[in-house]
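Take a look at the structure set out below.
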Amino acid sequence: MTETELIAACRQGSSRAQKQLYEQFSGLMLSVCLRYLRRREDAEEALIVGFTKVFRALDQYRHEGSFEGWIRRIVVNEALGMLRRKEPLHLAIDDLTYDVPTTAATAESQLSADDMLALLAELPAGYRTVFNLYALEGYTHPEIGELLGISEGTSKSQLSKARGMLQRRLAVANAQARPSTSSPKELYATGRY
């Protein structure tokens with residue numbers, strides 16, 4: 001069944017088509033929800049409520065742009081709504097000291113994509129949300145400001161702070177993942193033995 005046929009069948013109330021649509025997009029949309037919400041239960045709830053809204057609003061889809069993108073926008077909005085209820089989006093103070101140098105992420109990073117997502121999940125809610133919306137979803141700062149009820153400048157500031165915190169955490173994680181090239185004598189002298 002093509003996407004257009006699937007949408008038409010869902011609009012007609014076919015439970016089989018609704019199940020197919022849900023199964024086709026739920027895995028991807030759950031991963032989107034997990035980027036915004038720390039607890040899996042919250043992400044699953046946002047996913048279910050989001051899909052309920054998708055099915056109710058299918059008549060509003062005009063086949064302009066990607067259907068996946070349309071679903072994603074609804075699910076992201078639902079995840080943001082739940083995030084507002086669960087976690088404050090206020091500015092947070094960095095929990096790492098500034099003596100760890102920031103480094104640009106490189107292709108040689110020792111971390112997997114899952115490790116990177118775990119680092120992202122550890123960010124304070126405001127940083128994580130703005131980073132996700134800007135870097136992963138492609139929203140602009142004015143759009144983020146409108147979605148979150150913050151100024152464009154606050155959005156830019158949150159993104160900058162999120163990037164800095166991620167760079168510091170990435171540097172620490174890479175240092176921990178990198179095998180030591182120091183001799184036992186050097187490790188003992190520095191207290192790392």
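The values are calculated or read from the model by the stated rules, or taken from the named source; none is laboratory data. Here the structure is a predicted model, which means the values were calculated and not measured. FYI the Cβ positions are ideal-geometry reconstructions off the backbone, even for glycines, and counts take in every protein chain you see.
Some notes on this structure:
- Applying a threshold of 7 Å to beta carbon distances and a minimum spacing of six or more residues, or different chains, the list of pairs starting in region 1-21 at a residue that is under 15 Å from Phe51 (Cβ atoms) and ending at one that is among the polar types (S, T, N, Q) reads Leu6/Gln20; Cys10/Gln18.
- Breaking point among (1) of a type outside the set (Gly, Ala, Ser); (2) surrounded by fewer than 12 Cβ atoms within 10 Å (Cβ to Cβ); (3) at pLDDT below 90, for Leu170: (2)
- So Glu45, is it in the same structural domain as Ile7 (by TED's automatic domain parsing), touching a residue at least 24 places away in the same chain (Cβ under 8 Å), buried (at least 16 other Cβ atoms within 10 Å of the Cβ) and not hydrophobic (A, V, I, L, M, F, W, C): yes
- Number of positions in region 120-145 that are among the hydrophobic types (A, V, I, L, M, F, W, C), closer than 14 Å to Leu166 by Cα, touching a residue at least 40 places away in the same chain (Cβ under 8 Å) and buried (at least 16 other Cβ atoms within 10 Å of the Cβ): 3
- Residues of region 138-159 satisfying the condition of being among the small types (Gly, Ala, Ser) and under 14 Å from Arg128 (Cβ atoms): Ser155
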